[in-house]
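Only one structure is covered here, and it is reproduced in the block below.
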Amino acid sequence: MTEKLHLTPEDEFPEDLSEVGNKELQVLDSQVQRQLDYEYVADGEPNPETEFRHYDLDEEFSERDRRER
């Protein structure tokens, strides 16, 4: 796992988030969110890859929430 604060679109991203542990998933979410924030400020809009990653992470969190109930 990288110690970077941002996860750029060029950085590796897990193909199957269901295999990622909860703590690592939270770190990925934080990195992607920071990247989204940066892209909005620097470019005025997010990179599509960063948006897709953010959506995938949200879906995985929702799935895990459903399983825990």
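For this structure, a couple of remarks:
- Crossing angle, helix 22-43 versus the chain [Cα axis fit, 0-90 degrees, rounded to tens]: 20
- With protein chains left intact and a 1.4 Å probe, residues in the chain average 73 Å² of accessible area per residue.
- Rounded to 10°, Cα long-axis angle of helix 48-68 versus longest principal axis of the chain: 20
- Across the alpha-carbon set of the chain, the Rg to Rh ratio works out to 0.98, Rh being the Kirkwood radius.
- With the whole protein complex present, residue 18 retains an accessible surface near 60 Å², based on a 1.4 Å probe.
- Solvent-accessible area, 1.4 Å probe, carbon plus sulfur percent, for the chain: 45
- Loop-located GluC sites (Glu not before Pro) across the stretch 1-44 with a Cβ neighbour count of 15 or fewer within 10 Å are 3, 10, 12, 15, with loop assigned by DSSP.
- The candidates 8, 50, arranged from most to least accessible area with a 1.4 Å probe in the full protein assembly, appear as 8, 50.
The values are calculated or read from the model by the stated rules, or taken from the named source; none is laboratory data. These numbers come from a predicted model, not from an experiment. Every residue, glycine among them, receives a Cβ derived from its backbone with ideal geometry; neighbour counts consider all protein chains shown. When the accessible area is computed, the model is the full protein with side chains, heavy atoms only, and any ligands, DNA or RNA have been set aside. Shrake-Rupley method; radii C 1.70, N 1.55, O 1.52, S 1.80 Å.
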